[in-house]
1. Which residues, taken from the range 511-552, are in a helix (DSSP H, G or I) and touching a residue at least 24 places away in the same chain (Cβ under 8 Å)?
2. Read through the list (1) modelled with pLDDT of 95 or more; (2) out of contact with any strand residue (DSSP E or B) (no Cβ under 8 Å at 6 or more places or on another chain), then give the number of the only condition that Val587 fails.
3. How many of the residues making up the range 43-59 are under 12 Å from Thr26 (Cα atoms) and among the β-branched types (Val, Ile, Thr)?
4. What about Asp71, is it surrounded by fewer than 16 Cβ atoms within 10 Å (Cβ to Cβ) and not hydrophobic (A, V, I, L, M, F, W, C)?
5. For the structure I just gave you, tell me whether Gly81 is under 30 Å from Tyr176 (Cα atoms), surrounded by fewer than 19 Cβ atoms within 10 Å (Cβ to Cβ), small (Gly, Ala, Ser) and touching a helix residue (DSSP H, G or I) at 6+ places or on another chain (Cβ under 8 Å).
6. May I ask you to list the residues in the range 320-351 that are under 22 Å from Val569 (Cα atoms) and of a type in the set (A, V, I, L, M, F, W, C)?
7. Evaluate the following for Thr375: is it of a type in the set (Val, Ile, Thr) and assigned by TED's automatic domain parsing to the domain that holds Asp571?
8. Residue by residue through the range 492-510, note down the ones that are touching a His at 6+ places or on another chain (Cβ under 8 Å) and either in a helix (DSSP H, G or I) or among the charged types (D, E, K, R) (or both).
Amino acid sequence: SNTSSIPIHLLAEGRSDDFKACFCGTHFFNPARYLRLLEVIPIKETQQVVVDFFMEFGKRTLGKQTVLCKDTPAFIGNRIGVMSGTEMTLLTEQFQFKIEEVDAMTGSLIGRPNTATFRLQDLVGLDTGDKVSRFVRENVTGDAYIDKLKDRPEPKFMKFLLEHSFLGNKTGKGFYEKTQKKDENGNSIINALNLQTLTYETAIRPKMEVVKTAKGMELMNKRLQFLVEGETREQQFFSAYFGQLFGYAAARIPEISDQYFPVDDAMRTGYFWDYGPFEYWDLIGFDLGVRLIENAGASLPKWVQEMKASGNTQFYKFEGGQKKYYNTSSKQYEAVPGTESFILLDSYREQAPVIKNSECVVHDIGDGVLCLEFTSKSNSIGEGIGKAFLEAIELAEAGNWNGLVIGNNAKQFSVGANLMNIGMVAMQKQFDVLERFVDDFQQINMRIRTSKIPVVVATQGYVFGGGCEIAMHCDAGIYAAESYIGLVEVGVGLLPGGGGTKEFALRASDEFFEGDVQSPTLINYFKSIATAAVSTSAYEAYDLKYLQKERDEVCVNTFMNIGLAKEKVLDLAKNYIPPAARQDINVLGRAGMGVLYSAINEFRMGEYMSDYDVEIARKIAYVMCGGDLTSPQQVSEQYLLDIEREGFMSLLGNQKTLDRIQYLLMNNKPLRN
């Protein structure tokens with residue numbers, strides 16, 4: 001069954017013993033592709049082999065975070081989720097916040113999705129949320145928090161919304177209403193429900209000093225500590241919320257789960273929180289968390305008291321390359337089950353890094369394998385990452401190392417080169433500096449390609465621009481299924497200048513065969529760059545030519561990618577022969593340019609390209625065809641890199657490119673000029 005809340009044993013009543021032995025709940029969170037949580041809920045008659053199968057099948061074949069739940073109403077995710085959403089709503093009333101203010105406070109500021117609180121309810125559907133909440137209230141017993149809710153009248157605004165069938169996004173109106181009216185910028189005007197008057201008013205963009213100050217704190221532990229300590233309304237709101245959340249989650253152990261780590265797993269992967277309740281508690285601090293619970297009027301469960309008495313004041317520790325939790329039964333820290341095949345780089349931070357600078361860290365992840373982790377903002381690529389690449393490869397070649405993994409555990413692998421730095425230098429007309437930067441980046445990627453040790457990339461999330469070019473120059477790649485891969489430089493008025501355009505010319509050449517027409521193959525490769533195509537998954541990246549079937553693999557479980565990349569390095573290292581720079585790339589010269597120019601003209605006539613897109617596309621065509629050659633011939637990688645760099649620099653000197661860069665940095669969306 002995929003029920004989200006009905007106790008599984010009720011569904012098995014009246015069935016045979018054989019049926020019960022093979023029956024359990026498997027609750028996927030919706031949308032199942034993007035929410036990784038899979039709750040596995042056995043009944044007492046379920047055979048252990050059935051439970052083990054679903055836990056392992058979900059993890060390895062479906063790429064899910066499998067969480068073993070007890071057969072209690074709403075299981076783990078929705079049980080905690082109902083409490084969290086209810087408490088946010090109650091505190092909104094208590095402190096008389098507008099819904100826009102609460103959404104500004106409870107989204108990315110505290111590591112939650114941008115839908116935050118009220119936008120999330122509109123997205124889910126108010127009728128659906130109400131049914132789940134009612135089910136929990138009616139079926140849960142022995143829960144002090146839920147028992148209090150049973151005696152509370154339904155909030156008047158919820159009654160208003162449900163009675164009028166204002167159910168959220170699916171009816172066009174809920175806590176928010178999207179109108180047909182436009183503002184002076186052409187954007188739709190959004191209204192928000194006033195919870196006191198029950199009327200819709202133009203939504204405001206909240207300006208709260210506490211929120212502004214907190215956003216300036218990059219370290220989440222410092223930010224959260226600031227948000228829960230203080231006398232402002234916002235800080236009182238957070239203090240009350242986290243106090244109730246910590247107290248409630250702790251009190252559910254062992255009712256809904258024997259240990260607490262499944263609660264964190266469920267909330268991270270089912271509700272898309274960056275941290276589960278006990279991970280939040282670790283960030284805020286154990287003693288401060290206890291004080292918040294007491295201030296909220298909740299009680300501290302016995303197991304937390306015993307944990308404190310034993311001198312253990314962390315729910316999680318990273319030791320010896322493993323994430324460990326405090327086992328409430330054995331009273332010892334033990335490795336979190338199911339993470340044996342994961343490489344979590346946080347677990348290596350206790351050891352001295354092999355190399356470290358402001359943009360990246362190189363770790364020793366065992367078995368003679370190094371891992372280069374980007375740590376810059378959005379994992380953008382700058383000078384520090386380039387220097388670390390060269391140092392790491394030289395170190396590995398000179399020492400007794402088997403190879404290098406390029407990977408990180410962030411949401412995004414890399415958004416590409418640091419566009420802010422490039423834009424600033426370009427606007428100052430320092431073209432010598434820029435050309436040196438582009439040349440350096442090209443040579444770093446060629447150093448990765450020709451190194452004496454195998455280099456394997458492990459990606460997830462955005463793999464854009466320079467990040468994609470780095471990946472394409474590695475010996476192999478382990479790509480999480482949810483990797484969104486693309487050479488997106490056209491969107492900012494450039495062509496891929498770190499070897500990406502050269503690499504597509506090389507790959508097209510390798511697909512040519514005797515008697516081949518060649519032009520269709522060339523067009524297929526050209527189209528991906530010229531349209532800045534981004535794959536919607538790692539699987540689609542094969543079709544867009546970013547991945548190669550004989551070289552790259554897709555991993556459905558994101559957190560296994562670095563571990564699999566390490567295995568790939570060790571496999572390649574056994575008989576590794578470093579590749580040499582190619583001298584035999586077939587390019588078509590003027591004949592190929594003629595074909596691509598015709599294709600560009602079709603794109604322009606179909607209004608898929610602007611006039612400036614056409615100019616950029618022609619420069620891409622020039623590079624991929626080897627320049628203005630009178631006949632097809634073979635050229636070297638370095639020859640293509642030189643004309644690629646020349647095309648990149650000529651575009652960077654155009655004001656329309658600078659306008660695109662500036663617009664993207666200011667508005668976070670591309671300009672089509």
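The values are calculated or read from the model by the stated rules, or taken from the named source; none is laboratory data. Note that the structure is a prediction, hence the values are computed from the model and not measured. FYI the Cβ positions are ideal-geometry reconstructions off the backbone, even for glycines, and counts take in every protein chain you see.
1. At the first step, the residues of the range 511-552 found to be in a helix (DSSP H, G or I) are 511, 519-530, 538-543.
Those that are in a helix (DSSP H, G or I) and touching a residue at least 24 places away in the same chain (Cβ under 8 Å): Ser519, Leu522, Ile523, Tyr525, Phe526, Lys527, Ser528, Ile529, Ala530, Ala538, Tyr539, Ala541.
2. Going through the list (1) modelled with pLDDT of 95 or more; (2) out of contact with any strand residue (DSSP E or B) (no Cβ under 8 Å at 6 or more places or on another chain), Val587 breaks only (2).
3. First, pick out the residues of the range 43-59 that are under 12 Å from Thr26 (Cα atoms): 43, 50-51, 53-55, 57-58.
Subset that is among the β-branched types (Val, Ile, Thr): 43, 50-51.
Residues flagged as under 12 Å from Thr26 (Cα atoms) and among the β-branched types (Val, Ile, Thr) within the range 43-59 amount to 3.
4. no
5. Working: under 30 Å from Tyr176 (Cα atoms): yes; surrounded by fewer than 19 Cβ atoms within 10 Å (Cβ to Cβ): no; small (Gly, Ala, Ser): yes; touching a helix residue (DSSP H, G or I) at 6+ places or on another chain (Cβ under 8 Å): yes.
So Gly81 does not fit the description; no.
6. Within the range 320-351, Phe342, Ile343, Leu344, Leu345 meet the criteria.
7. Considered against the rule, which asks whether it is of a type in the set (Val, Ile, Thr) and assigned by TED's automatic domain parsing to the domain that holds Asp571, Thr375 comes out as yes.
8. Residue satisfying the conditions is Glu503 alone.
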